[in-house]
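For reference, the structure is listed below as structure tokens.
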């Protein structure tokens, strides 16, 4: 595979700052979670398997960690699963003992969840809830990691019933802690869905970029141009060159401008602009770089550029 030029060994974020996205419904959701905590037996935190170490909201363990805790790394079909042992080691060093990888699109490993939750609750003190026959599990996570999809998978497998939670491809679909959603008859288990809540202080620009690529931050808050550039850099660093075949290139591409130009021309994503010449204004056709960046990012999110863990 021929290299056009030497690929970058580092990424320059310039003077960019981390996007801060903590709208009112997130703050309300945090208050609602705390208020419901006395009626909760277990915390089920859902996160994206592509960023198992980055972007988890520390609030979930600091404020809700007095309850048994299960971490679900969802969207495993999009992640590089060869990194699982390393990920487990890092997470356990941070005090996370109970971890399950899942894929809601194929219901993979979903059946492991309720037995694990039952085990965690059974080995913990329920205090004032000891006499209550049913158990309640609070589902938490940053936006767009598949919390609602997970709830619907559990209902489909254990109750043979349809959707109870809205599912969307953009962050911010769930806006409030909802009424209880039953997911099992025996044992009698209910889930509380909750809005995706980002940390108010994302630690680094690179962490923010990873969150954005996984769709947990609205694209326009970060900028699809820089997201596409970081994605290209990461694909090259991890030697994931499927984009070369996808877009009919001669080899890996080191710079985003030339890549987006080729994508735009291949997909017919062009636009007419006026150019001032010596004989007046002339309409010329140029590549639509924004449309190309949009396609590049969403092709990655669909898993068409290879399974990749960003951490």
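Estimate the FRET efficiency between residue 67 and residue 90 by the formula 1/(1 + (r/R0)^6), using the beta-carbon distance for r and 22 Å for R0, to the nearest 0.05. Intermediate results must be reported in sequence, preceding the final value.
Details: r = 23 Å, r/R0 = 1.03.
Computed FRET efficiency for residue 67 and residue 90 comes out at 0.45.
Could you tell me what fraction of 2.2 N^0.38 Å the Cα radius of gyration of region 194-311 comes to, as a two-decimal ratio? Can you show the working numbers first?
Working: Rg = 16.7 Å, N = 118, 2.2 N^0.38 = 13.5 Å.
So the Cα radius of gyration is 1.24 times the expected 2.2 N^0.38 Å.
Gain in length, residue 218 to residue 255, computed as 0.36 nm per residue apart minus the alpha-carbon separation, to one decimal in nm? Mind showing how you got there, number by number?
Details: separation 37, 0.36 × 37 = 13.32 nm, distance 2.41 nm.
Additional length available on full extension: 10.9 nm.
Pop the C-beta distance of residue 53 and residue 186 into the FRET formula with R0 = 35 Å and round what comes out to the nearest 0.05.
On the way: r = 36 Å, r/R0 = 1.03.
It comes to 0.45.
With contacts defined as alpha carbon pairs under 8 Å and 6 or more residues apart, what's the relative contact order of region 205-301 in percent?
On the way: 90 pairs, mean separation 25.4, N = 97.
Across region 205-301, relative contact order equals 26 percent.
What ranking of 273, 30 emerges when the number of other C-beta atoms within 10 Å of each C-beta is taken as an exposure proxy, fewest first? Please report the intermediate quantities before stating the final value.
On the way: 273 10, 30 21.
Exposure proxy ranking, most exposed first: 273, 30.
Can you sort 270, 207 by how many other beta carbons sit within 10 Å, fewest first?
Numbers: 270 15, 207 19.
Lowest count first: 270, 207.
Under a plain spin-label model, where a point goes 7 Å from the Cα along Cα-to-Cβ, how far apart in nm are residue 272 and residue 157?
It is 5.4 nm.
Quick check: residue separation of residue 203 and residue 304 times 0.36 nm, minus the Cα distance between them. What number comes out in nm? Spell out each step's value before the answer.
Working: separation 101, 0.36 × 101 = 36.36 nm, distance 2.91 nm.
Using 0.36 nm per residue and subtracting the Cα-Cα distance, I get 33.4 nm.
How high is the FRET efficiency from residue 285 to residue 245, r the C-beta distance, R0 35 Å, rounded to 0.05? Could the numbers behind the result be given before it?
Values: r = 26 Å, r/R0 = 0.75.
Computed FRET efficiency for residue 285 and residue 245 comes out at 0.85.
Could you work out how far the C-alpha centroid of region 63-98 sits from that of region 186-251, in angstrom?
Value for the Cα centre distance between the two parts: 18 Å.
Find the all-direction average of the projected area of the Cα convex hull for region 64-155, expressing the result in square nanometres with one decimal place. Numbers along the way, then the final one.
On the way: hull surface 27.2 nm².
Mean shadow area of the hull around the Cα atoms is 6.8 nm².
No lab work stands behind these numbers, since they all come straight from the coordinates. Just so it is clear, the model here is predicted, and its values are computed rather than measured. Cβ atoms come from the backbone with ideal geometry, glycine included; neighbour counts cover every protein chain shown.
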